[in-house]
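The block underneath contains the structure these notes are about, expressed in structure tokens.
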There are 2 protein chains.
Amino acid sequence: MNAVLRTQCANALRALAMDAVQAANSGHPGMPMGMADIAETLWRHHLKHDPADPQWIDRDRFVLSNGHGSMLLYALLHLSGYELPIDELKRFRQLHSKTPGHPEVDVTPGVETTTGPLGQGIANAVGMALAEKLLAAEFNRPGFEVVDHRTWVFLGDGCLMEGLSHEACSLAGTWGLNKLVAFWDDNGISIDGEVKGWFGDDTPARFEAYGWRVIRGLNGHDVAALDAAIAEAKASADRPVLVCCRTRIGHGSPNRAGTAKAHGEALGHEEIALTRAALGWTAAPFEIPADVAAAWSARAQGAELHAAWQARHARYAEAHPQLARELQRRTQRPMPLLPRTEAALTEAIADAEAKRASVATRKASQDVLQRIGPATPELLGGSADLTGSNLTDWKGHVPLKGCDVGNHVHYGVREFGMAAIMNGVALHGGFRPFGGTFLTFSDYARNAVRMSALMKLPVTYVFTHDSIGLGEDGPTHQPIEHVSSLRLIPGVDVWRPADATETAVAWREALHRGDGPSCLALTRQALPHAGDGGHRVDAIARGGYVLRHAADERLCLIASGSEVGLALAAAELLSAQGIAARVVSMPCMDAFERQDASYRRDVIPRRLPRLAIEAGSTGLWWKHVGEDGAVIGLDRFGESAPAGELFKLFGFTPKAVAERALSLLQETSSCP
Amino acid sequence: MNAVLRTQCANALRALAMDAVQAANSGHPGMPMGMADIAETLWRHHLKHDPADPQWIDRDRFVLSNGHGSMLLYALLHLSGYELPIDELKRFRQLHSKTPGHPEVDVTPGVETTTGPLGQGIANAVGMALAEKLLAAEFNRPGFEVVDHRTWVFLGDGCLMEGLSHEACSLAGTWGLNKLVAFWDDNGISIDGEVKGWFGDDTPARFEAYGWRVIRGLNGHDVAALDAAIAEAKASADRPVLVCCRTRIGHGSPNRAGTAKAHGEALGHEEIALTRAALGWTAAPFEIPADVAAAWSARAQGAELHAAWQARHARYAEAHPQLARELQRRTQRPMPLLPRTEAALTEAIADAEAKRASVATRKASQDVLQRIGPATPELLGGSADLTGSNLTDWKGHVPLKGCDVGNHVHYGVREFGMAAIMNGVALHGGFRPFGGTFLTFSDYARNAVRMSALMKLPVTYVFTHDSIGLGEDGPTHQPIEHVSSLRLIPGVDVWRPADATETAVAWREALHRGDGPSCLALTRQALPHAGDGGHRVDAIARGGYVLRHAADERLCLIASGSEVGLALAAAELLSAQGIAARVVSMPCMDAFERQDASYRRDVIPRRLPRLAIEAGSTGLWWKHVGEDGAVIGLDRFGESAPAGELFKLFGFTPKAVAERALSLLQETSSCP
């Protein structure tokens, strides 16, 4: 009887997936039908969650890394009792429904992360499991395990083929994230057909090589075996667990099961009818028999689990009131900064402006970290094996050892992994992650930066060596298009500060930002201080501001980062020739473009001929200089040579800038 | 005696690396000093090459995947007798030297690929080994093995941590590339220090899981053991080989060996003196004792090997003259197209223009492939598990099985791997690779696309589903910034064709391009034919052209891809209101910007108010519309819904475009 009911519970998932995909005539029925038994086992018998409160901080996290199987997750959420009525399932993949084509966090209650770009879900999950471990170590006290949950992942062959799975799972093994359990949907099929022609890995051996506990060769449709495997997985004391489940994609469909055809299109009415018959599923589309619905509801059990935790938490709050308050702050969304962090930021800015030091902005960034690091327990820094170059550490930082303690992570040479893990940390809550690599290698992490933005996650990317100023390492390592191409990602704020003050403000803005990522593009080389004693601090935050005013201005120089000092020097040369030039610093084009038109026009007046200078792609600057303006930039690859020589070679000298400014003045005065 | 000489030969590499890094005061001495014995063993005793002809088609390929150790390669090339005089080594990392910071192909004779971005060298090597296998299978005849060489790779922990190594090495194992041999520099050190805290993989087990033959636990300073391992590796009949070499980074340096400090900075004069003493190396900086120099020269042996091959090839050319001519064509740089390929391209264009079909440009691309595929033996297509979506195959294509036969590669879900392998195939020669994925996931491959451009490789990327027109899969899969951000990479030609004719021309231009990559951004959805019967074919190749002229034009609409039809429809609406609008199609902004100013001004006259329309980032269009113009685009993420609804939602309708055009006319007429 129980077995029959369990099968029907799994079939409810299959039916909803078939029906919703059919209604949309778009979507992926194969995976939900194949993983339905695994899902039934996990969600009905093991998952710790409360459908009434998807934000409960001690819930288990469930990540659908093979996100194209979104209907599985929507069916699970609906049946378990989340705020996802059947009407939403009927509107699968329709505009503004709560059931988009791939799961999206903040759109659907109970969705923990946005997945679809393969490999990123499992990497997010590694970040979540890391955050759980660190938060537990920091906040739990003997007898008061207020942070004690697991991270469960479904993934398929696609995730396992992606390189990102290597980066993330290698780290999970090294860190010994034992509360991370992944279920591999080993169905032997990917979009192009049977995977054996292009995916010959011995995946269990691969994961053992990462230090995972591997449970091999399960029948993914045998719920008793799955129950036993999950019990075994829960007992893992020191290693993450991979449960290898042989399944049939599209299980239940007489003609499509086991084929690539089941993967990504509706089965069609005829095949659905045949499948219903084969499964013994007699309910109408989108209807769930009462006994199955009752069996699925997790509301009562969820309330119980949640109440037990609340009682434990209440005792904790009594015994450790300060800790409880801090835990509350740390798990709020967005997380408010501590007053002492705000104070440290203010001091860092004032200090930078007062000192007027010539300093590389990567070093200025480290100076900010030196102030805020000790004051800000939620900071979780790191670098993709370039700590001493990115300067993401600070005196007193604690390198992550294992995964129980630490606030600076050595991610190894894994830029994409770092970014996707940081997304997972941010999604979990409790920490403000930041991580560094060379700006050029933001390319490797690019889609995870995009996902930070799509998910509105406050992740900070510290991208150093931001131009040909990197020097001798040459064109493979010299960013050209990177600042601009990061600006193009919607919702990413790219800061390219000109000196220590702008760097400190950029950090403040990044930490104040609760709803999206910030990239700091920082120099290897020292830059002169650009300011005049503090009046500009508020202006910097607006993304662009007038750094140097002049009477009877005849032209406007606009620059970012290392080229601001150059623009100031060129303005001096021009001044010596009797030509007054305004200099605008634009540390954040994104923020500047959010200002109202009158501010923008005040800063960059149309009446002045305009020359932009940035040691990178020119394309985005034409919006600000107009077609009568000019841009000094680089639309070619760099060269290997000392930085000073490269700046000369490519025309980034005060003299060359002044000359271009003069010719621009001549061009514009001779034009109608 | 021999042993002493071999040690001194290895020490010559160490000395040159130390001295050159010291002279530059920049660079990486640790790896060359650590891998010197492996390099001596491979290069002096096993590598098949001829320093007098670095382009000999049957040479072994050597790839320094850990490219920061470039001085090792320069020392090897110099000592072996390549055109790389000692003066170039003295100018290591200086402007316009032949010894840039990281190895660059086409800059230094004997450098096979540009490395530095970690993981890409090994992936290039997989591509080279694949190309060798395929070329051998196609051209060798019994008794005439004119293609018979190996690919050797040096790589370090950094490459092995990168996800890309997973993608590429998994495929190498699946394909059974037995002539690929990689040496792992297992020195336990990366930039952040001892790797054990962030790199806990059992790497030999991992590679066995990929199906590699693994030779474990070698002492990388024991040349006899290395010789034996290489002999064993050469005997591998069906699997690629990983030789695991325990080494000491900076070997020979009394105070730096075995530490991260040895990795990336000059040792300093004092430590160099101590190292010279420890190694028993008495020669002055950049001086090589005569016996060591003589022992290193590979010119005589290279000439012998090359002559033997030439004799074999001469007999081959006699027995198989047609094959020999074709092999000659296929290994030329750039590779000329066959007349029948040119004819097929011409027919494809004429056919598209004659048929005037409404068709998705991804389908139009497949129609082109259908014509050129059977005519063009050098084509090596593929897809990252989206063959049926990217439509990269054609009737009669042969899927790669193992690696001996095939002209279409199932790369699996490995976008970065696909791109980096295609770079390796192009570097090897013999094939014109192209590969597909969804445009959004160009992000995953981005740095390899950049490397295609930096290396000037004629690789064609087929990026389909190029906008919100992708529809229901939602924002994770909908490109927004991708067309523009690919345009920003120097040397990449991005084509976003408006119809079948433009698609066919784009393919022709991509195949005519011998010195760089092209990206084709293609639609999922059908597009109406935009043309008027063939007059525009030459114009299309210029990247931008007037598609619709009108008398008394009052404004200019500029669009690309799916928005060209929209612009034409809007122009019709405007025409009905008595307003004549020119329509410019801009399938390739990069090509258009290479045209001279007068052509550009003829196509997009400054006198007309201009409105650009592209369903993606707006930023790059301001250069062409001017600040009095307007852009209809998307600077936000998309939504999951049917494509038609999304185009409506975001204002991509003839009516909305016409309205914006009208308001633009009003704005400009009311401005001074």
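Answer yes or no as to whether B:ARG513 is surrounded by fewer than 24 Cβ atoms within 10 Å (Cβ to Cβ) and under 27 Å from B:GLY638 (Cα atoms). Taking the combined requirement at face value, the residue does not satisfy it. The listed residues are B:ASP628, B:ASP635, and the only one of them that is acidic (Asp, Glu) and either under 30 Å from B:GLY471 (Cβ atoms) or out of contact with any helix residue (DSSP H, G or I) (no Cβ under 8 Å at 6 or more places or on another chain) (or both) turns out to be B:ASP635. Within region A:353-394, if we keep just the residues that are among the hydroxyl-bearing types (Ser, Thr, Tyr) and part of a helix (DSSP H, G or I), the residue that is farthest from A:HIS477 (Cα to Cα) turns out to be A:SER365. Taking region A:192-248 as the range and being within 14 Å of chain B (Cβ to nearest Cβ) and acidic (Asp, Glu) as the test, the residues that pass are A:ASP192, A:GLU194, A:ASP201, A:ASP202, A:GLU208, A:ASP238. For region A:92-115, the set of residues classified as of a type in the set (A, V, I, L, M, F, W, C) and more than 8 Å from chain B (Cβ to nearest Cβ) consists of A:PHE92, A:VAL105, A:VAL107, A:VAL111, listed by residue number.
Scanning region B:203-218 for residues that are on the phi < 0 side of the Ramachandran plot and either part of a loop (DSSP other than H, G, I, E, B) or of a type in the set (Gly, Ala, Ser) (or both) yields a total of 4. Among the residues making up region A:163-178, those that are more than 8 Å from chain B (Cβ to nearest Cβ) and either within 21 Å of B:SER170 (Cβ to Cβ) or surrounded by fewer than 24 Cβ atoms within 10 Å (Cβ to Cβ) (or both) are A:ALA168, A:CYS169, A:ALA172, A:GLY176, A:ASN178.
Taking the condition of being within 41 Å of the chain's Cα centre (by Cα) and either part of a helix (DSSP H, G or I) or within 10 Å of another protein chain (Cβ to nearest Cβ) (or both), how many residues in region B:637-659 meet it? First the steps, then the outcome.
Initially, region B:637-659 is screened for residues within 41 Å of the chain's Cα centre (by Cα), giving B:637-654, B:656-657.
If we keep only those that are either part of a helix (DSSP H, G or I) or within 10 Å of another protein chain (Cβ to nearest Cβ) (or both) as well, we get B:637-649, B:654, B:656-657.
Qualifying residue count for the region: 16.
As a summary of the residue check, A:ASP628 satisfies the conditions (1) in contact with a Ser or Thr (Cβ under 8 Å, 6 or more places away or on another chain); (2) buried (at least 17 other Cβ atoms within 10 Å of the Cβ) except for the one numbered (2).
Across region A:395-405, the qualifying residues are those that are within 10 Å of another protein chain (Cβ to nearest Cβ) and assigned to a loop (DSSP other than H, G, I, E, B), and the one among them that is modelled with the highest pLDDT is A:LEU400. Condition check for A:ASN25 on (1) farther than 27 Å from A:VAL425 by Cβ; (2) under 29 Å from the mean Cα position of the chain (by Cα); (3) within 14 Å of chain B (Cβ to nearest Cβ): one failure, at (2). Considering the conditions (1) more than 30 Å from A:LEU135 (Cβ to Cβ); (2) in contact (Cβ under 8 Å) with a residue 40 or more places away in the chain; (3) under 34 Å from the mean Cα position of the chain (by Cα), A:ALA303 is excluded by exactly one of them, (1). Do the conditions hold for B:ILE421, that is, is it in contact with an Asp or Glu (Cβ under 9 Å, 6 or more places away or on another chain), surrounded by 24 or more Cβ atoms within 10 Å (Cβ to Cβ), more than 11 Å from chain A (Cβ to nearest Cβ) and not charged (D, E, K, R)? When the stated conditions are applied, B:ILE421 passes them. With region A:3-113 as the region, which helices (runs of 4 or more DSSP H) entirely inside it contain at least 2 residues that are surrounded by fewer than 24 Cβ atoms within 10 Å (Cβ to Cβ)? Helices (runs of 4 or more DSSP H) meeting the threshold: A:30-45, A:86-90. Looking at B:LEU155, B:LEU118, B:LEU160 in this structure, which one is in a loop (DSSP other than H, G, I, E, B) and within 14 Å of chain A (Cβ to nearest Cβ)? Just one listed residue meets the conditions, B:LEU118. When each of A:GLY514, A:GLY534, A:GLY543 is tested for being touching a Pro at 6+ places or on another chain (Cβ under 9 Å) and at pLDDT below 95, the lone residue that passes is A:GLY514.
Can A:ALA643 be described as surrounded by fewer than 23 Cβ atoms within 10 Å (Cβ to Cβ) and within 15 Å of A:ALA581 (Cβ to Cβ)? Spell out how you get there, then give the answer.
On the way: surrounded by fewer than 23 Cβ atoms within 10 Å (Cβ to Cβ): yes; within 15 Å of A:ALA581 (Cβ to Cβ): no.
The answer is no for A:ALA643.
Take the conditions (1) aliphatic (A, V, I, L, M); (2) within 14 Å of another protein chain (Cβ to nearest Cβ); (3) in contact (Cβ under 8 Å) with a residue 60 or more places away in the chain; A:MET71 misses just one of them, which is (3).
Counting only residues that are loosely packed, with under 15 Cβ neighbours inside 10 Å and polar (S, T, N, Q), which one in region B:650-671 is nearest to B:GLU572 (Cα to Cα)? Filtering region B:650-671 for residues that are loosely packed, with under 15 Cβ neighbours inside 10 Å and polar (S, T, N, Q), the one nearest to B:GLU572 (Cα to Cα) comes out as B:SER663.
Okay, residues lined up against (1) under 24 Å from B:LEU160 (Cβ atoms); (2) more than 10 Å from the chain's Cα centre (by Cα):
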| site | (1), (2) |
| --- | --- |
| A:ASN407 | no, yes |
| A:PHE438 | yes, yes |
| A:LYS456 | no, no |
| A:SER485 | no, yes |
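Evaluation of B:GLU265 against the conditions (1) touching a Pro at 6+ places or on another chain (Cβ under 6 Å); (2) closer than 30 Å to B:LYS196 by Cβ shows that the sole unmet condition is (1).
Residue-by-condition table, conditions (1) more than 17 Å from B:GLU563 (Cα to Cα); (2) of a type in the set (Gly, Ala, Ser); (3) in a strand (DSSP E or B):
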position: B:ASN447; (1), (2), (3): yes, no, no
position: B:SER452; (1), (2), (3): yes, yes, no
position: B:LYS456; (1), (2), (3): yes, no, no
position: B:ALA498; (1), (2), (3): no, yes, no
position: B:GLU502; (1), (2), (3): no, no, no
position: B:ALA510; (1), (2), (3): yes, yes, no
position: B:ALA521; (1), (2), (3): no, yes, yes
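Among B:ALA500, B:ALA504, which is the only one that is surrounded by 23 or more Cβ atoms within 10 Å (Cβ to Cβ), closer than 30 Å to B:PRO642 by Cα and touching a His at 6+ places or on another chain (Cβ under 7 Å)?
On the way: B:ALA504 fails: touching a His at 6+ places or on another chain (Cβ under 7 Å).
One residue alone meets the criteria, B:ALA500.
Restricting attention to region A:121-137, and to residues there that are within 14 Å of chain B (Cβ to nearest Cβ) and closer than 27 Å to B:THR437 by Cα, which single residue is nearest to the chain's Cα centre (by Cα)?
Applying the first criterion (within 14 Å of chain B (Cβ to nearest Cβ)) to region A:121-137 yields A:121-124, A:126, A:130.
Adding the requirement that they be closer than 27 Å to B:THR437 by Cα leaves A:121-124, A:126.
Working: A:GLY121: 11, A:ILE122: 13, A:ALA123: 10, A:ASN124: 8, A:VAL126: 13 Å.
Step by step, filter region A:121-137, then rank; the result is A:ASN124.
Among the residues of region B:83-91, is any within 24 Å of B:LEU180 (Cα to Cα) and either out of contact with any strand residue (DSSP E or B) (no Cβ under 9 Å at 6 or more places or on another chain) or within 14 Å of chain A (Cβ to nearest Cβ) (or both)? No, region B:83-91 has no match at all.
Selection of first residues in region B:367-390 that are within 13 Å of chain A (Cβ to nearest Cβ) and of second residues that are assigned to a helix (DSSP H, G or I), restricted to Cβ pairs under 6 Å at least 6 apart or on distinct chains, gives the following pairs, ordered by first then second residue: B:SER383/B:ASN390; B:ALA384/B:GLU415; B:ALA384/B:MET418. A:GLY531: within 13 Å of A:VAL449 (Cα to Cα) and part of a loop (DSSP other than H, G, I, E, B), yes or no? For A:GLY531, the condition - within 13 Å of A:VAL449 (Cα to Cα) and part of a loop (DSSP other than H, G, I, E, B) - is not met.
The values are calculated or read from the model by the stated rules, or taken from the named source; none is laboratory data. Bear in mind the structure is a predicted one, so any value in this text is a computation, not a measurement. Here the Cβ is made from the backbone with ideal geometry for all residues, glycine too, and neighbour counts use every protein chain on show.
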